[in-house]
Amino acid sequence: MKKIRFLMLGGFLGAGKTTTIAKLAKHYIDQGLKVGLVTNDQAYNLVDTQALRAQGFSVGEVPGACFCCKFDDLVKTADQLSEADTPDLIITEPVGSCTDLYATVVKPLEELFGDRFDIGPLLVLLKPEHGLKILSDSDRVGFSPKAAYIFLKQLEEADYIVVNKIDKLSNDQQHQIGELVSRKFEQPVILHSARTGSGFDELISAANSERADRQKMMDVDYQIYAEGEAELGWFNCQVTASGDDKFELDTLVLRMVERIGGALNAAGAETAHLKVLGQTLNDSAIANQVDSEGEAELSMASEIKTAVADLLVNARVGTDPGTLTEIVVNETKALSDELGIQLEVGGVQSFRPAPPEPTHRTA
C-alpha cells in the first residue's frame, strides 16, 4: 500500500500558516495529487477551517487542544480524510502556540504509523512582526519572555525556517532578519511571501525533501512552555449580522477587526492573532490583524452587499480572557451603532490554554 505523505507546517500565531497551506495545497492539486488538510486549535469554530473549506479544500479539524495532546484525534481525522478518497498528501497546521512537535507528533507518528505515513520535514514559518523584536532582543517584544520562549523553541526544532511575509519587509529588514536567524539557528532559511509567491519554489523544494533523522530530541521546559501559553487569552464567538438595508460584508469584517484591535492596543494587550470571517451562503470575507502595531487587513474580499451574514471571531491576545471578552462584546455593540447593523453575539468561548500534556513524547 502506498504511503500517504504527511507534512506539518508550524509557526507562531499570525505567521501566515493558513494562507501558505492554501498555496501549497493548490500547487499539489494542480500537479494532479489528492490533498487533505487538517487544522488544529485550542478552541472550536475556527476561522481557518472555514476559510480553507470556502476555497474548496477537503479539511478536517482537531479542536480542543494541540496535536500533541490530541494525537489520537489527529490520526482519526487523517483516517476520516482517507475514507472517501485516499489523499496522496495530508498537510497539517498545528496550534500557533504549540512547540515540541518533533518529539510529540513527528516521531510518534513514525514509530506507530510509519507503515501508513511518509513523514516530511517540519517546516516552521517565522512571523516577522514579532520575530524581528524577539530575535534582536528588543525591549518591546510585546509578549513576556515565557511566550517568546515558545516562539524561539518553534524555530529551534524546525527542519526549515521559513521567514514569511517578506512582501511587508524592506530589503534591509529582510537582510536583518536573515542575519538574525542564521546567527541563532543552523537550519536552512527560506525567505517567502505567500501573497506574492516570492520564495515559493524554494518552499516546495523543502516540502518535497526527505526529513533528516534525529537521534536527540529538543530540550523543552514544560513549566515555562505552559506558563507562556497561559499568558494568552483565547476567545472565539459567533455573531449574527442583519440589517434593514444591505451592507458591505467586507466593510463589516474589516471595521470589526479595526475596532477590536484598536481597543486591545489601547488596553495594552498584545495581539497575536485576530481574525473575523463573514459568510453568506455563497460568499466569504476575512479581515485580520497579527500584532498590536500593525494595521487591520482584508485578506479575503467578498465584494458583495447582503442583508444577513454569519460571522466568526477568533482572537488570541496577551491579556486575561475576561478583559478580552469584555472588549470584543463592547466593540461589537459599538460597531452595531456605527454601521446601523444588528449584531448578536453568541457561542462565546473564552479561556486560557491548559498546560500541555502530550499523549506521547519520544525522549
Give me the extension gain from Glu83 to Gln342: residue separation times 0.36 nm, minus the current Cα-Cα distance, reported in nm with one decimal. 89.1 nm
Using a Cα-Cα cut-off of under 13 Å, which aspartates and glutamates could be cross-linked to Lys165, ignoring same-chain neighbours fewer than 8 residues away? Glu129
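Let me know the shape class of the range 253-363, please: from the alpha-carbon gyration tensor, a ≥ b ≥ c as square roots of the eigenvalues, rounded when a/c is under 1.5, otherwise prolate if a/b is greater than b/c, or oblate.
Values: a/c = 1.88, a/b = 1.50, b/c = 1.25.
Here the range 253-363 falls in the prolate category.
Divide by every residue of the chain the summed helix terms, -39500 (n - 2.57) for each DSSP H run of at least 4, and state the resulting mean residue ellipticity at 222 nm, rounded to the nearest 500 deg cm²/dmol. Present the calculation step by step, with values, prior to reporting the outcome.
Details: 11 runs with 131 residues, N = 363.
-11000 deg cm²/dmol, from helical runs alone.
If you wrap the chain's Cα atoms in a convex hull and average its projection over all directions, what's the area in nm²?
Directional mean of the projected Cα hull area for the chain stands at 17.3 nm².
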In nm, give the distance between the simple-model label positions of Asp221 and Ala301, each being 7 Å from the Cα along the Cα-to-Cβ direction. 4.7 nm
With a cap of 16 neighbouring Cβ atoms within 10 Å, and only residues DSSP puts in a loop, list the GluC sites (Glu not before Pro) found in the range 197-288. Glu210
Just to confirm the number: angle between the C-alpha axis of helix 17-30 and the first principal axis of the chain, 0 to 90 degrees, nearest 10? 70 degrees
Asp201 versus Lys3, label points 7 Å from Cα toward the beta carbon: distance in nm? 2.8 nm
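Throughout, read-outs are computed from the coordinates displayed, never taken from laboratory work. What you see is a predicted model, and the numbers here were worked out from it, not measured in a lab. A quick note on method: Cβ atoms are made from the backbone with ideal geometry, for glycine too, and the neighbour counts reach across all protein chains shown.
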